[in-house]
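The values are calculated or read from the model by the stated rules, or taken from the named source; none is laboratory data. Here the structure is a predicted model, which means the values were calculated and not measured. Here the Cβ positions follow ideal geometry from the backbone for every residue, glycine too, while neighbour counts run over all protein chains shown. Areas reflect the complete protein model, heavy atoms only, side chains present, ligands, DNA and RNA absent. Shrake-Rupley method; radii C 1.70, N 1.55, O 1.52, S 1.80 Å.
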Amino acid sequence: MFAQIIPLVRLPRRFAHFDYQIPTAMGVQVGDLVEIKFKNRLLSGIVRELSDKSEFKKISLIESIIQKNYLQDSDVKRLELIAHNLIQSPSTVFLTALNGS
């Protein structure tokens, strides 16, 4: 099982999300705040969607769940729509909305 995750870091618009493999014993849901390895460092990210397959070749595991139900599914979709309308990357909008940075 895979999770599409929006890392909480400023990224160019073309990078909407990244796929991470969900460890077997981890029950991840859309809206969870998770810890992921991203470019050789640990970052927080928001789970935007779950799927059975991934088109990415190199996939890392989710490190841990920081907070369950951090956002509702509707909140995730709303922030992605705002990013689309502002012509910004979802990661930049999520980072700004959640951290105020």
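Just a few scattered comments:
- Within the stretch 49-66, the set of residues being hydroxyl-bearing (Ser, Thr, Tyr) and open to solvent by 30 Å² or more (accessible area, probe 1.4 Å) comprises 54, 60, 64.
- Whichever residue in the stretch 2-17 is modelled with pLDDT of 95 or more and out of contact with any helix residue (DSSP H, G or I) (no Cβ under 9 Å at 6 or more places or on another chain) and, among such residues, is nearest to residue 88 (Cα to Cα): 5
- Single residue of the stretch 70-101 satisfying the filter (part of a loop (DSSP other than H, G, I, E, B) and open to solvent by 90 Å² or more (accessible area, probe 1.4 Å)) that is farthest from residue 28 (Cα to Cα): 87
- The residues of the stretch 19-48 that are surrounded by fewer than 20 Cβ atoms within 10 Å (Cβ to Cβ), within 9 Å of the chain's Cα centre (by Cα) and not aliphatic (A, V, I, L, M), listed by number, are 19, 31.
- Any hit, the stretch 21-39, residues being assigned to a loop (DSSP other than H, G, I, E, B), closer than 16 Å to residue 60 by Cβ, in contact with a helix residue (DSSP H, G or I) (Cβ under 8 Å, 6 or more places away or on another chain) and in contact (Cβ under 8 Å) with a residue 12 or more places away in the chain: no
- Of all residues in the stretch 1-18 being assigned to a loop (DSSP other than H, G, I, E, B) and within 8 Å of the chain's Cα centre (by Cα), the one that is surrounded by the most Cβ atoms within 10 Å (Cβ to Cβ): 8
- Count of the stretch 40-69 residues which are not β-branched (Val, Ile, Thr) and not in a strand (DSSP E or B): 11
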